[in-house]
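The values are calculated or read from the model by the stated rules, or taken from the named source; none is laboratory data. Small disclaimer: the values here were computed from a predicted structure and weren't measured. Every residue, glycine as well, gets a Cβ built from its backbone with ideal geometry; the counts of neighbours run over all protein chains shown.
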Amino acid sequence: MPPPSTAAPGTWDVIVVGAGPAGATAARVAAEHGCATLLLERAVIPRYKTCGGGLIGASLAALPAGLPLKIHDTARQFTFAHNGGKERTLDCRTPTCALVYRSELDAALTEAAAAAGAKVQDGTALTQLEQHGDTVTVKTGHGDTLHASVVVGADGSASRVARYVGVECAQVDLALEVEVPVDEATAARWRGRVLMEWGPLPGSFGWVFPKGDVCTAGVVAARGNPVALRAYKDDFLKRQGLLGPTPLHDTGHLTRCRRPGSPLARGRVLVAGDAAALVDHWSREGISYALRSGNLAGRAAGRIVTAGGETGSRDAVVAYTQQVEDTLGTEMEASGTLMNLFARNPGLVHSVITRLPPAWQRLDAYIADRTSVAGIMTNPLVRTAATAVTRGRPRSWGPISSAGR
Ligand SMILES: Cc1cc2nc3c(=O)[nH]c(=O)nc-3n(C[C@H](O)[C@H](O)[C@H](O)COP(=O)(O)OP(=O)(O)OC[C@H]3O[C@@H](n4cnc5c(N)ncnc54)[C@H](O)[C@@H]3O)c2cc1C
């Protein structure tokens, strides 16, 4: 690893904003490229993050090798249900989906960034940013003014940096989630088994993710009907026997999916992860997107710093945009089509998954990272169903939920 370049106090090669999976990864990769890197985090690490903490194969594959991380359970089975009925439990060919606490995952990723040479400054929020020439200036909540050649905005779904870059969303959802302590009998009932229930609101579902003596459970649906979503959450938790115990956490969070072609950079400011609204339209899985885009953003930041001049920097930004579009953009396009099908006919999707073994095998292969959502969507059966259900609709996922940040 080349040594970080020396710089005046308050001046960095790369400033990364947000120490979630996207930011911690971008900071680690930029530091590994020899950049003097500052990772700014508003919260104090370790911090709680509303999230199921389900790591599919693509997420596990994108973690740095040897990351010390406690896995609290691994899903050997998936139970699918539709509107509280038609339950069917299916076995995973290779149990892959790991269930973790985000506080632990994000702290481990931040440690890895620090071990690679990044300076971590938590309890410090970005409050303002602007750029002039080849310098980006960042102001923090402590009143400090910092300068960098590149800024990576990885500050989550309510990102300030995304507003600056002009990220546009096609789908905005509200998720309500609890973490509930469970007794031994309840823990045994859930051990090794994840529940996904397709819900009564358009595009909605509920989940239970087991983590030993705790279950993480929640519901998600298009933003705009919080009363109905809360009622669904209570009903769902009651049916799963998880309404009684006082939750350790009871929170809500927005998830956002970008509009195709939405900007990923402005000048020398890049966005990654939830800040770039890179989230699967259907499952709302976002950790693999955060890790992969964080990795690409860290590399791009390294290239911008090395290139120095305007042309090299512009080329690196264009390359970042292209790489994200070619990989994650393609995945999101496929998941948008799937979401469109699901939102219009969840019963059909449920029947296909639970009654047609090849369909579950494909979904299971996606969870284990043996195929992608785009791979699932190449199945002629799925494509025919998607075309039939969405025939005559101009663009797939637009009407499902309210747009905008
Ligand atoms: C209820 C729910 C359940 C989910 N379950 C799953 C799941 O099981 N599996 C999965 O793959 N995905 C899941 N997701 C999606 C996943 O949580 C996100 O996609 C993922 O957290 C994105 O990571 P990130 O690093 O981009 O952002 P985040 O993890 O949100 O990290 C952003 C960080 O930026 C910090 N920050 C914000 N503003 C500032 C600022 N101004 N200055 C400095 N720091 C700032 C925040 O404190 C935070 O630490 C779920 C989402 C929700 C809402």
- Could you please tell me which pairs satisfy a Cβ distance under 6 Å, a separation of 6+ or placement on different chains, a first residue in region 147-165 that is modelled with pLDDT under 95, and a second residue that is more than 7 Å from the ligand (Cβ to nearest atom)? none
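Quick one: is SER157 within 14 Å of the ligand (Cβ to nearest atom) and over 13 Å from ALA27 (Cα atoms)? Can you show your working first?
Values: within 14 Å of the ligand (Cβ to nearest atom): yes; over 13 Å from ALA27 (Cα atoms): yes.
Against the criterion (within 14 Å of the ligand (Cβ to nearest atom) and over 13 Å from ALA27 (Cα atoms)), SER157 qualifies.
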- Search result, residues across region 28-48 that are small (Gly, Ala, Ser) and closer than 18 Å to SER313 by Cα: ALA30, ALA31, GLY34, ALA36
- Task: Taking the residues in region 293-326 that are more than 16 Å from the ligand (Cβ to nearest atom) and β-branched (Val, Ile, Thr) as candidates, determine which candidate is farthest from ALA62 (Cα to Cα).
- Result: THR311
- Message: Go through region 78-125 and report how many residues are free of Cβ contacts under 8 Å to residues at least 12 places away in the same chain and among the hydroxyl-bearing types (Ser, Thr, Tyr).
- Response: 0
- Query: Which condition number in (1) crowded, with 19+ Cβ neighbours inside 10 Å; (2) assigned to a loop (DSSP other than H, G, I, E, B); (3) near the ligand (Cβ under 8 Å from one of its atoms) is the one that CYS35 fails?
  - Reply: (3)
- Message: I want to confirm something. Restricting to region 90-125 and keeping residues that are touching a strand residue (DSSP E or B) at 6+ places or on another chain (Cβ under 6 Å), farther than 28 Å from LEU248 by Cα and assigned by TED's automatic domain parsing to the domain that holds LEU248, which single residue is surrounded by the fewest Cβ atoms within 10 Å (Cβ to Cβ)?
- Response: ASP91
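Can you list the strands (runs of 3 or more DSSP E) found entirely within region 171-245 that contain at least 2 residues being away from the ligand (no atom under 14 Å from the Cβ)? Even if it seems obvious, please write down each step before you answer.
On the way: elements: 193-198, 205-211, 214-222.
In region 171-245, the matching strands (runs of 3 or more DSSP E) lie at 193-198.
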- Just a yes or no: is a residue in region 307-314 under 18 Å from ASP274 (Cα atoms), surrounded by fewer than 22 Cβ atoms within 10 Å (Cβ to Cβ) and acidic (Asp, Glu)? no
- Criterion violated by HIS72 - all others in (1) more than 16 Å from the ligand (Cβ to nearest atom); (2) farther than 30 Å from VAL136 by Cα satisfied: (1)
- The condition from (1) within 24 Å of PRO245 (Cα to Cα); (2) surrounded by fewer than 23 Cβ atoms within 10 Å (Cβ to Cβ) that VAL194 misses is numbered (2)
- In the set ALA158, ALA107, ALA81, which member is assigned to a loop (DSSP other than H, G, I, E, B) and aliphatic (A, V, I, L, M)? ALA158
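Considering each residue of region 259-292, count those that are charged (D, E, K, R) and more than 12 Å from the ligand (Cβ to nearest atom), and give that number. Break it down into steps so the answer makes sense when it comes.
First pass over region 259-292, keeping only residues charged (D, E, K, R): 259, 266, 268, 274, 280, 284-285, 292.
Still in the running and more than 12 Å from the ligand (Cβ to nearest atom): 259, 266, 268.
Summing the residues that are charged (D, E, K, R) and more than 12 Å from the ligand (Cβ to nearest atom) in region 259-292 gives 3.
Among the listed residues GLN77, GLN128, identify the single one that is within 12 Å of the ligand (Cβ to nearest atom) and either surrounded by 15 or more Cβ atoms within 10 Å (Cβ to Cβ) or of a type in the set (S, T, N, Q) (or both). Please lay out each step first, then the result.
Details: GLN77 fails: within 12 Å of the ligand (Cβ to nearest atom).
Only one candidate qualifies: GLN128.
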